[in-house]
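Working notes for the structure below.
The values are calculated or read from the model by the stated rules, or taken from the named source; none is laboratory data. Keep in mind it's a predicted model, so treat the numbers as computed, not measured. FYI the Cβ positions are ideal-geometry reconstructions off the backbone, even for glycines, and counts take in every protein chain you see.
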Amino acid sequence: MYAALDLEGVLIYASEANLGNCYYCPQCGQRMSLIIKKNGRNFFRHLPQKNVELGRDKQLKIANKGESKEHRKGKLLLCKMSQQFYSSVQMEYPIPKINQIVDVYITNQQQPVILEYQRSIISASCLQTRQRAYRKWTGNVFWLIDHQYFLDHQESEWIWRNLQYNSSWHFYIVCLDITRKEMVIYYNFPVIYYNENYYTTGFAVEMGEDWISLLKEPQYLNFVKLQHFIGKKYKKKAARSSLISKNPSYRKYLINLYQKNIYLDQIPQWCLKKRWRIIFFQEPAWYIWAWVWKFEYDRRGLMANNFDDFKIYILGLMNRKLMTWRDMPLLEVSADYVCRCLWEVYKQQSVNGS
């Protein structure tokens, strides 16, 4: 192979790689070794199994190179918490069969538990590669991000990339607060919203509680401390339709709409005057709403009886690359669910006219 992922998830060509760095296969997530050739045609190959098993100390030395004190403190905190309830807890545990070293590994369970504390931002492809490798090994894989980073960057790609879903908490994200020594879970995370009403609810779990059991069986318990997180407020500015039409970064979206005879002055004003976010898609929300409006307009008010047609319509736009999914490797929701969310919010806002 002539390219592999580095620790940050960046695709590196063998001709540009360094021997002292750690690389992973983009397809299976296993460790790769860099082969240097005299003719300059360097390449990667999968690390032999015995080298993985015998070279643990060397792997750890490479993996820990450049590790921050905060990251190590977070891993130690996860170990200390886990050891209160489980006897077999190991930090920086290698799994040779998938060529991965996990932050914290707990084995005295029906299924092993993997805990990953991610402070540095990694690409969606790298996160997906590691998640798939871990899930082949165990169904109990839990990712935690830094709590302070969440508070400072609540609407960033990295936050959305770490969203997860279950039937109890719906959309949620798990954070680790190394200062307060708490796990903080924000649940009912909004996925279609406008900035002025952006909020989510969270609770903090202290060191004396079994975090693993809570993550495995999500529920609301009496010991949690409720917290509220309020979104940004914006001062009134010029009409957003004018701002959108003058923004050069929106030109390609406007062209796509104009080619289908969709114009900003036709779209309901609630789609434009508020700063909507639809985190399922990479495109701006006003652009997504414009296509939803087009579906309703072409059917002249028959939308309430045409959800199946609506889903086919949205999937068709995606197949033609007019809409694209945002990469969220930890989120397992169906296209049907996403279309239902769009459908319900649009109908509600159209009725309210706000």
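Can you tell me which residues in the stretch 143-180 are acidic (D, E) and over 22 Å from W276 (Cβ atoms)?
D146, D152, D177
Which numbered condition trips up M1, out of (1) touching a helix residue (DSSP H, G or I) at 6+ places or on another chain (Cβ under 9 Å); (2) modelled with pLDDT of 80 or more; (3) of a type outside the set (G, A, S); (4) outside any helix (DSSP H, G or I)?
The number of the failed condition is (2).
Got at least one residue in the stretch 156-170 being surrounded by fewer than 14 Cβ atoms within 10 Å (Cβ to Cβ) and touching an Asp or Glu at 6+ places or on another chain (Cβ under 9 Å)?
Yes, the conditions are met somewhere in the stretch 156-170.
Only residues that are touching a residue at least 12 places away in the same chain (Cβ under 8 Å) and farther than 13 Å from Y117 by Cβ: list them for the stretch 72-97, please.
Passing the criteria: Q84, F85, Y86, S87, S88, V89, Q90, Y93, P94, I95, P96, K97.
Select from the stretch 140-179 the residues that are modelled with pLDDT of 90 or more and part of a loop (DSSP other than H, G, I, E, B) and write down the one among them that is nearest to E217 (Cα to Cα).
Checking each candidate, the answer is L163.
How do the pairs read when you match residues in the stretch 245-269 that are within 14 Å of A285 (Cβ to Cβ) and in the same structural domain as L317 (by TED's automatic domain parsing) with residues anywhere that are among the small types (G, A, S) and surrounded by 10 or more Cβ atoms within 10 Å (Cβ to Cβ), using Cβ under 6 Å and keeping only pairs 6 or more apart or on different chains?
Pairs that qualify, where the first residue is within 14 Å of A285 (Cβ to Cβ) and in the same structural domain as L317 (by TED's automatic domain parsing) and the partner is among the small types (G, A, S) and surrounded by 10 or more Cβ atoms within 10 Å (Cβ to Cβ), are L257/A290; L264/S241; I267/A290.
For the stretch 120-138, how many residues meet the condition of being touching a Leu at 6+ places or on another chain (Cβ under 9 Å) and either assigned to a loop (DSSP other than H, G, I, E, B) or of a type outside the set (S, T, Y) (or both)?
Qualifying residue count for the region: 7.
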